[in-house]
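Input: a single structure, listed below in structure tokens.
Nothing in this text is a laboratory measurement; each read-out follows from the coordinates by a stated rule. All of these numbers come straight from a predicted model, not from anything done at the bench. As a convention, Cβ positions derive from the backbone with ideal geometry for all residues, glycine included, and neighbour counts pool all protein chains shown.
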Amino acid sequence: MWQKGVAEYLRTCDRCQKANKYTGKRLGNMIKIQEPRKPWEIVHMDLVTRSYNECLEISEGSSKTPIFLLCHKDDTAMDTGLLIWNRVTSWNGIFTNIISDRDTKFHS
């Protein structure tokens, strides 16, 4: 019972709301991601950066199996695309959907 009371108090407390106000960049609306019907239909990609090199992490949508590809920070979108084509697409087929952040190497 008291948990509801605390939650209600925090939700309506003017001072609490001002102290916890989110001041960062507004995020976009979330969209529902469809479930893949077959392996490698949907992949998730992210570049992991550390010092001067990068690691491209690709995970298959249904099993979440990761693939890690080493690349360089100064690779172009074309270099990244060729790396994905030679190391992933040639073995697993062409993806229907790619889900990624908005890195320039993914949308250039």
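First obtain the Kirkwood hydrodynamic radius of the chain from its Cα pairs, then insert it into the Stokes-Einstein equation at 20 °C and 1.002 mPa s, and state the resulting D in µm² per second as a whole number. Approximately 125 µm²/s, per Stokes-Einstein. Each of M45, M78, M30 has some number of other Cβ atoms within 10 Å of its Cβ, and from fewest to most they run M30, M78, M45.
Here the extension length gained between F68 and W85 equals 4.7 nm, from 0.36 nm per residue of separation less the Cα-Cα distance.
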